[in-house]
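First comes the structure, then the notes that go with it.
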Amino acid sequence: MTALLQIAARSAWNRRGTLALVVLSIALATALLIGLERLRNDIRGSFTQSVSGTDLIVGARTGPVQLMLYAVFRVGGATNNISMDGVRAVAAHRAVAWTVPIALGDSHRGHPVLGTTAGYFEHFAYGDRQPLVLAQGRAFSGTLDGLYEAVLGAEVAQRLGYRLGQRITLTHGLRAAGGDAGGELAAEHADKPFTVVGVLARTGTPVDRTVHVSLQAIEAIHLDWAGGAPLPGVSIAAEHARKFSLEPRQVTAALVGLKNRVAVFNVQRFVAEYEAEPLLAVLPGVALDELWAAVGLGERALLAMSGLVALVSLASLVAVVLAGLNERRRELAVLRAVGAGPRHVLALLAAEGALVTLSGAMLGAAAAAGAVLAAGPWVQQRFGITLQATAPTVEQWALFGAVLLAGMLASLVPGWRAYRLSLADGLTPRT
Amino acid sequence: MTRVFLSLAVLLGLAGTATAQAPAGVPAMKPPLAAPGAAGVAAKPGEPRTITWEALVPADWDPFKDFKGIDFQMLDDGDPRANEWLKKMRQAWDDAPVNPALVGQVVRIPGFVVPLEDSKEGLKEFLLVPYFGACIHSPPPPANQIIHVLPNPPVKGVRSMDTVWISGKLTTGKTDTYMGASSYRIEATQVAPYKEPAR
């Protein structure tokens with residue numbers, strides 16, 4: 001058997017040019033399959049990691065997925081605001097341990113601004129109940145003296161090069177990242193600059209892309225605004241804003257934590273039946289699953305497509321080996337003449353196919369791992385998806401195995417053909 | 001008003017069936033997710049006992065007791081008492097007690113998953129409920145028809161509203177909280193997909 005493998009290896013080396021191409025195409029297909037699986041896994045991971053320890057998210061009545069998208073992922077806009085009275089009513093429910101109101105809608109150079117309370121830094125958690133950690137500085141104080149204080153997500157600070165003490169201005173409304181359209185387009189709250197007092201440690205969640213300020217600050221910067229525009233002739237200086245009532249009357253949504261998670265349906269029902277205004281409460285886990293079910297179709301299509309790519313490259317393996325049979329007629333016939341049986345010829349060709357597939361699949365897996373390592377930071381920064389260069393998952397092993405198995409099966413086709421070729425056929429010269 | 005009236009009737013109807021089925025292990029009707037053998041079948045030693053959701057209701061619990069002597073037939077449309085009683089009924093369901101006879105036992109029970117805490121290793125916390133859509137429909141199931149499950153190790157590949165068998169020791173949650181006395185909790189050692197029993 002060893003001798004046969006050696007012969008297979010040497011024969012393959014003789015035709016290395018063609019076979020290298022096949023190895024390359026199998027490697028690309030494997031890399032695509034494994035890379036996609038990694039991406040799929042990690043996107044799902046990023047999704048489920050983005051919120052933890054929050055039992056309900058309360059917002060204006062819309063779809064659960066929509067509420068989840070704008071309250072947690074800052075994707076899309078809120079359909080409506082909810083009143084602080086509603087949030088207080090939920091907070092007063094006997095099963096509720098804490099509520100953290102959040103107000104969205106403003107931005108800073110494409111990064112969403114989140115107005116919230118100091119409780120956000122205490123209660124909001126991600127991943128496996130990991131709390132937010134300040135890498136530098138402190139959280140905003142939430143008092144009137146610290147009205148214009150901002151805490152940056154890790155990515156905001158890194159991308160814009162901000163440090164503690166940096167003065168920033170917020171923009172009314174949302175603007176796509178990188179779209180620094182300039183003074184004409186931007187509705188800046190330039191009269192009330194904020195000071196960066198803290199930078200959060202990286203979380204790999206949408207928090208990294210967010211600028212956090214207090215709810216009162218959100219009220220303050222909109223004091224001299226009415227009907228969606230600055231009131232003409234009215235300007236309230238930053239210092240004077242403190243004299244007005246800055247109690248928020250409306251927020252975008254609220255995160256709710258319960259004393260006992262078993263009560264979650266009761267609180268959800270309480271919120272749904274709240275009579276003063278239409279509210280919606282979603283369980284983050286359920287909404288995430290719904291979201292994933294909606295995204296899952298495209299995801300499966302991607303996987304099917306990379307499966308097809310793998311199929312095509314295996315077909316090319318069969319084609320190359322089959323085409324090679326013609327020129328190898330003599331070689332095989334010589335083997336037969338020195339005593340190799342048809343079984344040996346079959347084994348020879350099967351071994352060659354297996355070797356080619358194995359090296360291709362290994363090369364592909366290595367390439368996928370390399371790509372994850374190389375592109376990881378870029379993907380994290382650009383899309384907020386943390387790619388993990390960890391040991392292969394069960395699914396990845398399964399895909400790897402499937403490629404190997406398919407390759408071996410495919411190489412049986414030329415093997416079978418060679419098996420059927422008679423000795424005389426190879427030795428009879430044709431013109 | 002008709003809606004309130006209907007809900008009241010539904011709640012009371014539920015209460016009726018619960019009391020009728022009250023003796024643990026002797027379900028009056030086939031539950032939506034019944035074990036192939038009926039509840040209360042004596043398990044082999046060392047093996048978890050397969051129970052049904054009815055068994056989780058204590059035999060002597062009567063949600064009806066505060067409503068004795070009230071003739072609901074005489075309620076007119078718009079009667080303010082209807083709403084009040086409805087709220088009281090809801091309260092009774094929210095405070096539904098656990099069955100002390102089952103606490104501490106190793107049990108096996110099927111149900112639907114409502115995910116709570118997902119991590120990289122898999123689902124770490126979920127609620128097990130007896131019927132599909134228990135979190136969306138009204139009214140929510142009573143306190144003793146929800147089990148807080150903490151699988152160990154975390155389970156992978158289980159999504160919202162998947163049906164599973166869980167087995168583990170049935171305990172009660174923290175006592176000082178919302179759900180009246182206490183609520184069920186299982187630190188499940190095993191979570192397996194549920195398969196429809198052969199009929």
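What follows draws every value from the coordinates through simple rules; no lab data is involved. No experiment lies behind these values; they were computed from the predicted model shown. Methodologically, a virtual Cβ is constructed for each residue, glycine included, from the backbone with ideal geometry; neighbour enumeration extends over all protein chains shown.
Brief remarks follow.
- Local net charge near residue A:67, Cβ-Cβ under 14 Å (Lys/Arg +1, Asp/Glu -1): +1
- Greater than 26 Å apart at Cα, pairs in B:87/B:195; A:259/B:169; B:68/B:169: B:87/B:195; B:68/B:169
- Taking Lys and Arg as +1 and Asp and Glu as -1, the other residues whose beta-carbon sits under 9 Å from that of residue B:121 total +2.
- Where only alpha carbons of the range A:56-282 are counted, the Rg and the Dmax (Å): 17.3, 54
- Site pair residue B:68 and residue A:316 shows an inter-label distance of 8.4 nm when each label is modelled 7 Å from Cα along Cα→Cβ.
- Here the gap between residue A:75 and residue A:160, fully extended at 0.36 nm per residue and compared with their Cα-Cα distance, gives a gain of 28.5 nm.
- Under 17 Å from residue B:120, Cα to Cα: aspartates and glutamates that are on another chain or at least 8 residues apart: A:37, A:42, A:128, A:289, A:395
- Net lengthening on full extension, residue A:245/residue A:195 (0.36 nm per residue, minus Cα-Cα): 15.8 nm
- Residues B:53, B:61, A:225, A:378, ranked from the fewest to the most other C-beta atoms within 10 Å, line up as A:378, A:225, B:61, B:53.
- Three-way shape call for the range A:281-377 based on the alpha-carbon gyration tensor, with the a/c threshold at 1.5: prolate
- On a per residue basis, the convex hull of the C-alpha atoms belonging to the range B:52-124 measures out at 165 Å³.
- Span from the the range A:233-260 Cα centroid across to the the range A:1-73 one, whole angstrom: 44 Å
- Compared with the dominant Cα axis of chain A, that is its longest principal axis, helix A:2-14 is turned about 80°.
- For chain A, the longest site-free run once GluC sites (Glu not before Pro) in DSSP loop states with at most 10 other Cβ atoms within 10 Å are removed: A:1-183
- Label point 7 Å beyond Cα of residue A:118 along Cβ direction - residues of the range A:216-246 with amide nitrogen under 15 Å: A:216-217
- 3J(HN,Hα) along the range A:300-311: 5, 4, 4, 5, 4, 5, 5, x, 5, 4, 4, 4 Hz, from the Karplus curve 6.51 cos²θ - 1.76 cosθ + 1.60 with θ = phi - 60°, whole Hz, x for Gly and Pro.
- Applying 1/(1 + (r/R0)^6) with r as the Cβ-Cβ distance of residue A:300 and residue B:75 and R0 = 35 angstrom yields a FRET efficiency of 0.05.
- Each 10 Å bin from 0 upward holds the following percent of the Cα-Cα pairs of the range A:37-141: 12, 40, 38, 9, 1.
- Contact order normalised by residue count of chain A, Cα under 8 Å, 6+ apart, percent: 27 percent
- At most 14 other Cβ within 10 Å, DSSP loop - trypsin sites (Lys or Arg not before Pro), the range A:114-179: A:129, A:138, A:163
- Highest-MSF residue in chain A out of A:53, A:45, A:339 [GNM, Cα springs under 10 Å]: A:339
- Sum of -39500 (n - 2.57) over DSSP H runs of 4+, divided by residues of chain A (222 nm, nearest 500): -17000 deg cm²/dmol
- Remark: the range A:266-282, residue by residue, has Karplus-estimated 3J(HN,Hα) of 5, 5, 4, 5, 4, 5, 5, 9, 4, 7, 5, 7, x, 10, 9, 10, 10 Hz, where x stands for each Gly or Pro and the curve is 6.51 cos²θ - 1.76 cosθ + 1.60 at θ = phi - 60°.
- Restricting the calculation to Cα atoms, chain A shows an Rg/Rh of 1.21 when the hydrodynamic-style radius is the Kirkwood one.
- Cut-off 11 Å between beta-carbons: net charge of the residues surrounding residue A:99, Lys and Arg +1, Asp and Glu -1: 0
- Taking amide hydrogens as placed 1.01 Å from N in the peptide plane, the amide H of residue B:50 sits under 5 Å from those of B:108, each at least 5 positions away in sequence or on another chain.
- Stretchable slack from residue A:21 to residue A:229, in nm (0.36 nm times residue separation minus alpha-carbon distance): 68.6 nm
- Amide hydrogen proximity for residue A:61: with H placed 1.01 Å from N in the peptide plane, the residues at 5 or more positions away or on another chain lying under 5 Å are A:280.
- Interchain or long-range residues, amide H under 5 Å from residue A:106's placed H: A:113, A:173
- Backbone phi angles across the range A:103-108, fed through the Karplus curve with coefficients 6.51, -1.76 and 1.60 (θ = phi - 60°), yield HN-Hα couplings of 10, 10, x, 9, 8, 10 Hz in residue order; Gly and Pro are listed as x.
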